[in-house]
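**Q** Before I ask anything, let me first share the structure, which is written out below as structure tokens.
Every number in this text was worked out from the coordinates using simple rules, so none of it is lab data. These figures come from a predicted structure and were not determined experimentally. Heads up, the Cβs are rebuilt from the backbone with ideal geometry, glycines too, and the neighbour counts pull from every protein chain shown.
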Amino acid sequence: MEENNVDRTRSVAEPDHKRGLILLLLALLVVLLFWQIRPWLFGLHNQDAVPRAVTPRGDLAEDERSTIELFRRASPSVVFITSKATQRSPFSLRATEVPQGSGSGFVWDANGYIVTNFHVIQSAQAADVTLADHSTWPARLVGVEPDKDLAVLRIDAQSRTLPAIAVGTSSDLEVGQKVFAIGNPFGFDQTLTTGVISGLGRVIESVTGRPIEGVIQTDAAINPGNSGGPLLDSAGRLIGINTAIVSPSGAYAGIGFAVPVDVVNRLVPQIIRYGRPPKAGLGVSLAPDHIVRRLGLEGALVGEVMSGSAAEKAGLRSLRYDTRGRVVGDLIVAVDGQPVRNSRDLFRLLDTHEIGDRVILQVRRPEEHVNLEVTLQSVR
């Protein structure tokens, strides 16, 4: 009896369900049909529609033409650098090179020398250079000057004409001058950004912790990948090499820095000639600045004087124990009357001198203050 009731209920419900589905499909078809004929019903479509006539723009503004011409002249000298690392598969002895990072650079001369930042290739085991014509060449490391964040590569591209970048000077720059940066931010090659010189005479820290003096500050957009690329003046001449930014996020925030071209032009030939530029120095190692501060001192504390060095000949002494068992040493507090508050000050002052120059060091000792004349030596 119960089984018959179940069957009857099912037989009554099935037609109602099918009827609902049919009505729903009909409603959907009506909606679709209405949507298709809607433009004709309301006059939304016009079969006579054609593209709008182009409004003539007239001549480009003079500054636009100047910028375009500058880019055309300078961009062939700008290159894209890919640094590579060697990886060895755990399942085979085969080593492969994989991209590690990227940056920019520029052609120094027709012999294939390429200038970039040291930090662009610092941890690379190999590098490729891609020219403006998109040809890619393996590069050899010629030499570096980490204290100024400079490196020189070389490519064998005799089959290509390598246009050397025009070199200017950074000695006569003015705040407010227009500047132009060409590089490869985030891998987008041959990117042009514009701005002005925002400040001069800035000091930034190199990867070695040594100060880089006379740095150019600009608001031209500089992002990761721009490092090593040229900063140009309105004549298209190199005035700096884009090196660093100040940014909370790591991307462009309106403050970029470029190593001045006068430093680049002085050091690049030395890097090419020697691999690492000769540098004037004393022939000493220095105690870390935080140790000096902890001792309540101000100056550059001599740690060790190298045997036979200019410092030893002048009478500088290494750290030592006095008769009471205390560690004492020579504290350099001035060079030629210029105050030395820490090791950075000492390096900055020595960087203004050449090998063979004589300087007067004011040295403070526990028992006395002395002036020592030192003939600077090569500390390459």
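**Q** Whose amide H sits under 5 Å from the amide H of residue 143, counting only residues 5 or more places off or on another chain, with H placed in the peptide plane?
**A** Long-range HN contacts for residue 143: 152.
**Q** Between residue 328 and residue 369, what is the label-to-label distance in nm when each label sits 7 Å out along the Cα-to-Cβ direction?
**A** Each label point is offset 7 Å from its Cα along the Cβ direction, giving 1.7 nm.
**Q** Near residue 329, within a Cβ-to-Cβ distance under 9 Å, what is the net charge of the other residues, with Lys and Arg +1 and Asp and Glu -1?
**A** Details: positive: 317, 320, 365; negative: 330.
Combined, the nearby Lys, Arg, Asp and Glu give +2.
**Q** Suppose R0 equals 30 Å. What FRET efficiency, 1/(1 + (r/R0)^6) with r the Cβ-Cβ distance, do residue 237 and residue 188 give to the nearest 0.05? Working shown, then result.
**A** On the way: r = 24 Å, r/R0 = 0.80.
E(calc), rounded to 0.05, equals 0.80.
**Q** Quick one: compute the contact order of the range 178-274, relative version, from alpha carbon pairs under 8 angstrom and 6+ residues apart, as a percent. Could the numbers behind the result be given before it?
**A** Details: 223 pairs, mean separation 24.3, N = 97.
Across the range 178-274, relative contact order equals 25 percent.
**Q** If you average the sequence gap of Cα pairs under 8 Å that are 6 or more apart and divide by the length of the chain, what percent do you get for the contact order? Working shown, then result.
**A** Working: 800 pairs, mean separation 41.8, N = 380.
Rounded, it is 11 percent for the chain.
**Q** Please give the peptides 74-82, 205-213 ranked by average Cβ packing (other Cβ atoms within 10 Å per residue), highest first, as a rough proxy for protection.
**A** Values: 74-82: 23.3, 205-213: 16.3.
Put in order of decreasing packing, that is 74-82, 205-213.
**Q** Provide the net charge surrounding residue 307, with neighbours chosen by a C-beta distance below 14 Å and charges set as Lys +1, Arg +1, Asp -1, Glu -1.
**A** Working: positive: 313, 317; negative: 304, 312.
Result for the local shell: 0.
**Q** For the chain, give the magnitude of the charge dipole about the Cα centre (Cβ charges: +1 Lys/Arg, -1 Asp/Glu; no others), in debye to the nearest 20. Working shown, then result.
**A** Values: 39 positive and 41 negative charges, 143 e Å.
Taking the Cα centre of the chain as origin, the dipole is about 680 debye.
**Q** Only loop residues by DSSP count here, and only those with at most 14 other Cβ atoms within 10 Å; note down the chymotrypsin sites (Phe, Trp or Tyr not before Pro) in the range 172-230 that meet that. Walk me through the intermediate numbers first.
**A** Details: sites: 180, 186, 188; in loops: 188.
Passing both the DSSP loop test and the Cβ count: 188.
**Q** Rank by packing, highest mean first: peptides 301-308, 47-54, 241-248, with packing defined as the count of other Cβ atoms within 10 Å averaged across residues.
**A** Numbers: 301-308: 16.5, 47-54: 5.5, 241-248: 19.6.
Top of the packing list down: 241-248, 301-308, 47-54.
**Q** For 147, 351, what's the fewest-to-most ordering of other Cβ within 10 Å of each Cβ? Each step should come with its number before you reach the end.
**A** Details: 147 20, 351 17.
Ascending Cβ contact count within 10 Å gives the list 351, 147.
**Q** Something else now. Count charges around residue 274 for me, please; just the other residues with Cβ under 12 Å from its Cβ, Lys/Arg as +1, Asp/Glu as -1. Working shown, then result.
**A** Values: positive: 273, 276, 279, 380; negative: 145.
Its environment carries a net charge of +3.
**Q** A further question on this structure: Rg (Å, one decimal) plus Dmax (Å, integer) for the alpha carbons of the chain?
**A** Values for the chain (Cα only, Rg and Dmax): 34.2, 123 Å.
**Q** Any chance you could list P(r) for the range 129-268, counting all Cα-Cα pairs in 5 angstrom bins from zero, rounded to whole %?
**A** Spelled out per bin, shortest first, that is 2, 10, 19, 23, 22, 15, 7, 2, 0.
**Q** In whole Hz and in residue order, list the ³J(HN,Hα) couplings for the range 259-268 that follow from phi through the Karplus curve 6.51 cos²θ - 1.76 cosθ + 1.60, θ = phi - 60°; x for Gly and Pro.
**A** Computed from phi, the couplings for the range 259-268 are 5, x, 5, 5, 5, 4, 5, 7, 8, 4 Hz.
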